[in-house]
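Take a look at the structure below.
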Amino acid sequence: MNSTTQRRIALISVHGDPAIEIGKEEAGGQNVYVRNVGEALGQLGWQVDMFTRKVSAKQETIVQHSENCRTIRLQAGSLEFVPRDDLFEYLPEFIDNFLKFQTENGFTYSLIHTNYWLSSWVGMELKKIQGSKQVHTYHSLGAVKYNTIEDIPLIANQRLTVEKEVLETAERIVATSPQEKEHMRELVSLEGNIDIIPCGTDIRQFGCIDRVAARAELGIASDAKLVLYVGRFDPRKGIETLVRAVAESKLGKNENLQLIIGGGSRPGQSDGIERDRIESIVKELGISDITTFPGRLTQEILPTYYAAADVSVVASHYEPFGLVAIEAMACSTPVVASDVGGLQYTVVPEETGLLAPPQDVPAFAAAIDRILGNPEWAEKLGKGGRKRVESKFSWDGVATQLSELYTELLQPTAKELVQSTAELVQSTAKLPVKELVQSTAELVQSTAKKSVLVAK
Ligand code: UDP
């Protein structure tokens with residue numbers, strides 16, 4: 001293997017296009033993760049190709065993000081958006097086009113990092129076809145998700161089977177929190193190799209503006225008590241818990257309370273059943289006058305919203321990691337989050353924010369009130385959050401850990417070394433004496449080099 005192929009990596013994210021706008025439809029944390037990991041790995045010298053499914057004829061097939069990092073869109077099924085639960089049947093075509101891309105470009109990816117269960121199936125097939133090594137990040141576990149929703153989709157069994165198989169066969173699984181690793185062991189399988197490498201955030205962008213400047217930019221009064229939600233409209237996100245908690249907030253009765261619910265489509269456009277449902281609850285609770293729905297917020301404007309807020313609330317029923325929490329913390333804003341999943345890892349109660357049981361409206365209302373009612377303490381929590389993100393959750397740090405993992409996996413295993421040595425011995429047995437002496441010397445030299453690599 002030469003050094004160019006050694007530093008090449010394919011990130012596969014069939015349904016989460018790293019090059020599209022975030023915050024709409026099914027675009028969320030996975031898209032942000034793949035894009036940022038890809039760009040940061042590119043900075044570290046990896047040739048990063050991020051493969052996703054093309055959903056419209058208008059989309060470019062290849063988007064070059066930076067010198068070493070690009071998104072490649074492959075066709076699988078017709079060129080239209082297909083919900084992720086209906087995508088499985090198109091994966092064989094995705095693989096065919098992936099193989100075609102390799103052939104046309106004259107290289108094979110020795111290492112593939114797959115994202116979400118659909119892509120994990122693609123990775124497992126590529127391992128069978130061409131021996132690629134596989135790293136996998138789940139982003140969401142069916143075994144956990146199906147415990148928190150009522151309508152179990154038809155694809156559920158297929159997903160659970162694939163999720164077990166990839167855990168047991170991938171060279172390495174990346175859990176983004178200790179809690180996610182525990183869930184894999186408890187609910188999926190005791191076999192397989194798991195490393196914990198968290199998700200990250202851009203600590204230069206998130207944290208680049210202070211509260212006074214942010215409020216001036218957004219036209220928010222300096223004495224307002226601002227509660228913020230950022231994310232997709234999905235019942236799992238617990239926006240209902242948040243709006244009910246805000247309506248219950250004691251401070252809201254006599255102070256200038258405001259609620260911003262960011263994400264989804266632009267105002268006036270429908271964003272599916274959940275957006276309509278939340279709006280009608282807001283009306284019913286009589287808090288329409290203090291609630292705004294600004295629609296999708298770009299990654300560029302988001303730091304201003306987080307910085308302007310007194311508290312950022314993540315009331316998800318379940319959250320494998322929850323990027324929004326660390327983005328808010330990076331902007332020195334305290335977080336009130338559900339006491340579940342990755343949020344238990346990112347948010348440290350009384351240090352960077354507070355945790356409350358999921359769907360517990362009075363507990364969320366009390367936690368929001370505690371923070372809004374104690375500005376000095378809230379500032380301390382904000383600083384604690386920023387410190388925690390700087391030390392644990394920067395994309396640069398995350399990419400460095402992934403890069404070390406990839407490098408380790410690309411080195412030949414002891415078994416591969418024995419095999420290649422045996423092949424060499426076999427071929428030298430047929431040589432005349434002079435050439436035999438020469439090739440034995442070369443063999444000794446190359447084995448010594450490989451042993452050093454393995455020892456590292
Ligand atoms: N996001 C955004 N604009 C929006 C709403 C969300 O850019 O209007 C981003 C948000 O900043 C975060 C991601 O979408 O990076 C959501 O990730 P998270 O892990 O919190 O939730 P997921 O969507 O994966 O369930």
Checklist entry - Which one is surrounded by the fewest Cβ atoms within 10 Å (Cβ to Cβ), of the residues in segment 345-402 that are among the hydroxyl-bearing types (Ser, Thr, Tyr) and touching a residue at least 24 places away in the same chain (Cβ under 8 Å)? => result 400
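Table: residues versus (1) under 15 Å from the mean Cα position of the chain (by Cα); (2) within 16 Å of the ligand (Cβ to nearest atom).
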position	(1), (2)
28	yes, yes
40	yes, yes
44	no, no
83	no, yes
Item to check | Number of the condition not met by residue 195 [criteria: (1) within 12 Å of the ligand (Cβ to nearest atom); (2) over 20 Å from residue 285 (Cα atoms); (3) assigned to a strand (DSSP E or B)] | outcome: (1)
Next on the checklist: Can you list residue pairs whose Cβ atoms sit under 9 Å apart, with the first residue in segment 291-306 being of a type in the set (Gly, Ala, Ser) and the second being more than 8 Å from the ligand (Cβ to nearest atom)? Count only pairs 6 or more apart in sequence or on different chains.
Outcome noted: 295/265; 295/266; 295/267; 295/268; 295/269; 295/271
Item to check | Yes/no for residue 34 being part of a helix (DSSP H, G or I) and either within 21 Å of the chain's Cα centre (by Cα) or aromatic (Phe, Trp, Tyr) (or both) | outcome: yes
Checklist entry - Do we have residue 341 as crowded, with 24+ Cβ neighbours inside 10 Å, more than 9 Å from the ligand (Cβ to nearest atom) and at pLDDT below 95 here? => result yes
Checklist entry - Would a scan of segment 265-277 turn up a residue that is among the charged types (D, E, K, R), at pLDDT below 95, within 15 Å of the ligand (Cβ to nearest atom) and in a helix (DSSP H, G or I)? => result yes
Item to check | Conditions (1) at pLDDT 95 or above; (2) in a helix (DSSP H, G or I); number of the one not met by residue 143 | outcome: (1)
Next on the checklist: Every residue in segment 285-312 that is more than 12 Å from the ligand (Cβ to nearest atom), under 14 Å from residue 260 (Cβ atoms) and either among the charged types (D, E, K, R) or not in a helix (DSSP H, G or I) (or both), please.
Outcome noted: 287, 289, 291, 292, 309, 310, 311
Checklist entry - Do we have residue 354 as within 12 Å of the ligand (Cβ to nearest atom) and either within 21 Å of residue 179 (Cβ to Cβ) or at pLDDT below 95 (or both) here? => result no
Checklist outcome for this item: The strands (runs of 3 or more DSSP E) lying entirely within segment 37-105 that contain at least 3 residues which are crowded, with 17+ Cβ neighbours inside 10 Å are 47-53, 69-74
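The values are calculated or read from the model by the stated rules, or taken from the named source; none is laboratory data. This one's a predicted model, so the numbers in the text were calculated from it and none came from an experiment. Cβ coordinates were reconstructed from backbone atoms using ideal geometry, including for glycine residues, and neighbour counts include every protein chain displayed.
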